[in-house]
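Following: one structure in structure tokens, then a few remarks.
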Amino acid sequence: MKVQNKAKNIRYFQKEDDEKPKKSHSSNDVEVFNIKVTPRTIKKQRFKETRKIKNVLKRGSDVKFPGKAPVDPKSLERHSRGEGLQGRGVRHPLYAAKLKKKENKYKYAQEQAARAEILLTEDQGLIEVGEGEKTTSVSQKIIAENVDIAAATKIFDLKLDFGPYRAKYSRNGRHLLLGSKLGHLAAFDWVTKKLHCEINVMESIHDISWLHVETMIAVAQKEWLYIYDNTGTELHCVKKMDKILRMEFLPYHFLLAAVNEYGFMTWLDISIGEIVGHYNNHIGRTTVMTQNPYNATLCLGNSKGVVSLWAPNVKEPLAKILCHKTPLTAIAVDNRGMYMATSGVDRSLKIWDIRNLDGPLQHYKLRTPPVDLDFSQKEMLAVGLGDVVEIYNNCCSQTTVKPYLRHRMAKSISNFKFCPYEDVLGIGTSGGFTSIIVPGSGEPNFDALESNPFQTKKQRKEAEVKALLEKIPAELITLDPFDVMQVDVPSMKEQMEARKKLLHLKPKNVNFTPRHKNKGKTNIARKKIINSAMRKETIDQVIEAQKILEEPAKKETAPKQSFGVLDRFVTKTKSNK
């Protein structure tokens, strides 16, 4: 027989503690204290708490990790501002101390920037393949299948019938501008695919460019330069700039630089609407132009293989370099202004150090002459070869044997641009526009005060006002931007010597009052002696200058060679008297 358990079954919502009688605490077990809270007791309590915290910090400081954590030397070098003066050549101790104080501030800022790298949320990504495989075999279809949905939408193709097209991204990488040879102009937000405007200007478009904000567009049409807003409304027609072939916008100077088919270069200040530079470069027609973001100079390539650097306030090239023995096809400069890539008709690709302009760092031989070149924010170089785009990684500092990625299209390439802050390459072709993903090409962390892809309307207006207040004058565009902080000593000496040689200048009146009186001479007598000495010095300078001017006249009056009877056939120079 089975014996049943007579114990009462307990349900899941009941507890055993409920059956047990609870102990009641008597009032005799609890002690009650009546404490009067006064400012003095609060002060004592705070003092005890701070003392405890100090003791804990004191005990923890001398155990395992004394002082601050060390900083990675590579990140320190990345944020370095160059070698400081450190008081060299400064004689006065006060100014030497000021310079030392300034250098200490720079070092502190460098260390803080290196420590703040831990706060950067994103990191650069690259394609990793197994042994025996190549990254060039990874197609856009494979990339789209292995990324998330948001990244896969960045691969798209626009089939348009008015090609060939030129494409340019805005500074923050959010907006895209397309312009075709047959007059089709379109601007849209390529992330959300929202169209801003789409018009046909009814004439050929040679080049396009965004201005300081994404609400203004510059279009170089067949005859003149036109400015449109983001709704397609024409704002300006600049007839002083005609037959433009290539344009570049300098954001920190608010300058729109252009070169036309006759070789005339023009810099238009869009903030005041005036032309600050206009002259002929004597190169002729050229379609190879780019800007150096480091010093805002323009790099022009001609048919002789020479790259020249130009500024608006100098009518001669700042520097020239013979890059190829054949005509140039494309030029590109990286964002830091360190490396310049050039390509020629001889199917060669060369990498130059644009700061030294001394010999190519790398020299590559390609299958066909490149159509276009462009650097990404992470120094990847895109090379267009007919209908194929090849992307090279780390090709400037070291020799690269094979490309990082290769993408083949059915249409011929017109131009291409890397999208800022995105791993995207936009390609303008004869049949429309193509967007492909290039992993690791864009900067993963952006500075919202510099260029914000997610800025609102209010932030855009504030950024525009701030940029106008911090605008750099066009006169400061030089080959070395640090020349502004230096004194031009040779030119100062030349000016002083030229001033002394002028004959029409009167001697200066020097009113000199000595501190200590000399015995035997009055104040008036001393002034006369000083004035006479200064007068004699200026008279001697005038006599020397007159002698220099009379020397060529004496040479002209020298006896000429006699030809006897034939002297009457010798032409006589008329004297200007």
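The values are calculated or read from the model by the stated rules, or taken from the named source; none is laboratory data. What you see is a predicted model, and the numbers here were worked out from it, not measured in a lab. Counting neighbours? That spans all protein chains shown, and the Cβs are built from the backbone with ideal geometry, glycine included. The accessibility values were calculated without ligands, DNA or RNA, using every heavy atom of the protein model including side chains. Shrake-Rupley method; radii C 1.70, N 1.55, O 1.52, S 1.80 Å.
Residues in the range 201-242 that are touching a His at 6+ places or on another chain (Cβ under 6 Å) and not small (Gly, Ala, Ser): Glu214, Ile227, Asn230. Determine if the range 406-418 includes at least one residue that is over 23 Å from Met340 (Cα atoms), of a type in the set (Gly, Ala, Ser) and under 18 Å from the mean Cα position of the chain (by Cα). No, every residue in the range 406-418 fails to be over 23 Å from Met340 (Cα atoms), of a type in the set (Gly, Ala, Ser) and under 18 Å from the mean Cα position of the chain (by Cα). Could you please let me know if Thr342 is in contact with a Gly (Cβ under 6 Å, 6 or more places away or on another chain) and either modelled with pLDDT of 95 or more or not basic (Lys, Arg) (or both)? Criteria not met by Thr342. Taken over the range 123-145, the criterion of being surrounded by 11 or more Cβ atoms within 10 Å (Cβ to Cβ) and not in a helix (DSSP H, G or I) is satisfied by Gln124, Gly125, Leu126, Ile127, Val129, Lys134, Val138, Ser139. Residues considered: Ala167, Ala116. Of these, the only one that is open to solvent by less than 90 Å² (accessible area, probe 1.4 Å), closer than 21 Å to Lys378 by Cα and assigned to a helix (DSSP H, G or I) is Ala116.
The lone criterion from (1) open to solvent by 70 Å² or more (accessible area, probe 1.4 Å); (2) at pLDDT 95 or above left unmet by Phe433 is number (1).
Of everything in the range 67-85, what is surrounded by 10 or more Cβ atoms within 10 Å (Cβ to Cβ), in a loop (DSSP other than H, G, I, E, B) and not β-branched (Val, Ile, Thr)? Give them in sequence order. Asp72, His79, Ser80, Arg81, Gly84, Leu85, listed by residue number. Only one of Glu390, Glu422 is open to solvent by less than 60 Å² (accessible area, probe 1.4 Å), within 25 Å of Glu145 (Cα to Cα), at pLDDT 90 or above and over 20 Å from the mean Cα position of the chain (by Cα); which? Step by step, each of Glu390, Glu422 is checked, and only Glu390 is open to solvent by less than 60 Å² (accessible area, probe 1.4 Å), within 25 Å of Glu145 (Cα to Cα), at pLDDT 90 or above and over 20 Å from the mean Cα position of the chain (by Cα). Given the condition open to solvent by less than 20 Å² (accessible area, probe 1.4 Å), in a strand (DSSP E or B), under 28 Å from Tyr421 (Cβ atoms) and not polar (S, T, N, Q), answer yes or no: does some residue in the range 155-163 qualify? No - not one qualifying residue is present in the range 155-163. Evaluating Lys417 against the criteria (1) within 22 Å of Ser137 (Cβ to Cβ); (2) modelled with pLDDT of 95 or more leaves one unmet condition, (1). Here is the figure for the range 187-220: residues that are more than 24 Å from His253 (Cβ to Cβ) and among the polar types (S, T, N, Q) total 3.
Would you say Leu381 is surrounded by fewer than 19 Cβ atoms within 10 Å (Cβ to Cβ) and within 22 Å of Met289 (Cβ to Cβ)? No, not satisfied. Given the structure, is Asp358 part of a loop (DSSP other than H, G, I, E, B), modelled with pLDDT under 95 and within 17 Å of the chain's Cα centre (by Cα)? When the stated conditions are applied, Asp358 does not pass them. Contact map, the range 138-149: first residue of a type outside the set (Phe, Trp, Tyr), second residue in a helix (DSSP H, G or I), Cβ cut-off under 9 Å, separation 6 or more or different chains; pairs are Ile143/Ala151; Ile143/Ala152; Ala144/Ala151; Ala144/Ala152; Glu145/Ala152.
In the range 400-419, the residues that are open to solvent by less than 20 Å² (accessible area, probe 1.4 Å) form Cβ pairs under 9 Å with partners that are in a strand (DSSP E or B) and of a type in the set (Lys, Arg), at six or more places apart or across chains, as follows: Asn415/Arg166; Asn415/Lys168.
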